[in-house]
Amino acid sequence: MTSNRFERIVFIELPEERQSVPAGLFSLDIELGVGTFQYGRRYLERPNAIAIDPVNLPLSDQEYPTRKNDGIFGILRDVLPDSWGSYLMAKQLGLPFGTLRDHEFIDLISTDAVGAISFGPTPEQPTTKPETSCSLGDLAEVAKGIDRAIEDRELPPEMLHLLRQATSLGGAQPKCTVMIEGEQWIAKFESSKTAVKYPGLEYATMTMAGRAGIRVPQIRLETVEGRSVYLVKRFDREAGRRLPFMSAFALSDLDIDELERGSYPRIADRMRRFVENLRDDHHELFRRMAFNVAVRNEDDHLRNHGFLYRRGWRLSPAYDLLPFPARRSRGGFHLALNLGDQGSLASRTNLLSQCERFSLNRAEAREIIAQVDDGVRDWQAELIRAGVSPADREAVRWCFEGTRPAA
């Protein structure tokens, strides 16, 4: 008889601890789609204990329930794979894509997953397994394996082994972890399924974000077998340690069917409850919102914003910043998240409409927008420097020209 209850101890890697420690118990009624989480007594007694989710699961001895997202708390869903990782996991197990249910991925992820959470059936130690990262020299073989996987061709065991360590990473694009000079990076590859080649485009966009005053991680662009590979240094790793991470999706406590309610002002409001340097991070979030309007990043969804714990919670460095290919249009466009009084409409009026929720007055907000505009002014030269093809530059031209929000 199959049990309808799924239970796992949730472990977290804490500062100044040599190994992950048990934080609490996650229990799921699979049939009802109701999950609960409760911190362990010993964990609550730790002087260095932190909440795995400081807003929705604050440190307390109470039992927290949720019916959202089939009973899986957002902070736990953060570590589960998205479409690319799910596809590879199914391929590895010889199962049709979409067969595995969300809670079943909990026992399949590795310690390459974002943040510092692991799982296990007992409090003794987590059973979440580590994976060996690729080297720069492996990237050519990884690229070949990705091509085969995208084409749904059979993967030889040695290729599947190379691709397997990418299964715990989020996002829809092909990627893997790679070790460079003792530090872990993420390599993102071209896909034959996309309209444009994203590695050079993402590198250029992230470079512009840095010039616009946005905090970005270390990035680099490599050429492998004649194709660009975008590399970003993992900001949730420090000297081999895993740092706690929480997405804005987890913070917002929304069901997958409620994503239209996701908004920058709502994130800003919730930040007041746990972010250490609130004013600085409020201004940073507003700057990222303005940048996403300036480059027409319509994929600015809740999982593409996050918070990192390092002696306190704050906004993580920015990631996954990309223009959305678009034709010239006289009409406006919308971002994934709401900006202000006019919902998700990408207009300058909307950007300014609730700036006070970001600890800004109108003059300060306008100054940030001007700095963002300066940062993307030389967009075409930046794309050329990143090796973006003429066709791909043309595909995103109207993200930078002709779609500027009216004042």
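Below, the figures for the structure above:
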| quantity | calculated |
| --- | --- |
| Scan of segment 329-353 for residues that are under 19 Å from His305 (Cα atoms) and in contact with a helix residue (DSSP H, G or I) (Cβ under 9 Å, 6 or more places away or on another chain), ordered by number | Leu335, Ala336, Leu337, Asn338, Leu339, Gly340, Gly343, Ser344, Ala346, Leu351 |
| Filtered residues of segment 7-20 (kept if part of a strand (DSSP E or B) and among the basic types (Lys, Arg)) | Arg8 |
| Per-region count, segment 92-110, residues under 21 Å from the mean Cα position of the chain (by Cα) and of a type in the set (Val, Ile, Thr) | 2 |
| From Ala49, Ala23, residue being among the aliphatic types (A, V, I, L, M), in contact with a Phe, Trp or Tyr (Cβ under 9 Å, 6 or more places away or on another chain), part of a strand (DSSP E or B) and free of Cβ contacts under 8 Å to residues at least 60 places away in the same chain | Ala23 |
| Criterion (more than 20 Å from the chain's Cα centre (by Cα), more than 30 Å from Gly312 (Cβ to Cβ) and exposed (fewer than 15 other Cβ atoms within 10 Å of the Cβ)) met by exactly one of Glu31, Glu63, Glu17 | Glu31 |
| Selection from segment 214-251 of residues that are assigned to a loop (DSSP other than H, G, I, E, B) and surrounded by 16 or more Cβ atoms within 10 Å (Cβ to Cβ) | Ile214, Arg215, Val216, Pro217, Arg234, Phe235, Asp236, Leu243, Pro244 |
| Any hit, segment 253-263, residues being of a type in the set (Lys, Arg), at pLDDT 95 or above and surrounded by fewer than 22 Cβ atoms within 10 Å (Cβ to Cβ) | no |
| Filtered residues of segment 314-351 (kept if among the aromatic types (Phe, Trp, Tyr) and over 16 Å from the mean Cα position of the chain (by Cα)) | Phe324, Phe333 |
| Condition broken by Glu356, with the remaining ones in (1) within 19 Å of Ala294 (Cβ to Cβ); (2) modelled with pLDDT of 95 or more; (3) out of contact with any strand residue (DSSP E or B) (no Cβ under 8 Å at 6 or more places or on another chain) satisfied | (1) |
| Any chance Arg311 is more than 19 Å from the chain's Cα centre (by Cα), in the same structural domain as Leu259 (by TED's automatic domain parsing) and either of a type in the set (Ser, Thr, Tyr) or on the phi > 0 side of the Ramachandran plot (or both) | yes |
| Qualifying residues in segment 15-28 (those that are in contact with a strand residue (DSSP E or B) (Cβ under 6 Å, 6 or more places away or on another chain) and not polar (S, T, N, Q)) - the one nearest to Lys68 (Cα to Cα) | Leu28 |
| Qualifying positions in segment 193-209 - free of Cβ contacts under 8 Å to residues at least 60 places away in the same chain and crowded, with 17+ Cβ neighbours inside 10 Å | Pro199 |
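The values are calculated or read from the model by the stated rules, or taken from the named source; none is laboratory data. None of these values were measured; they are calculated from a predicted model. Because the Cβ atoms are built from the backbone with ideal geometry, glycine has one as well, and the counts that use them run over all protein chains shown.
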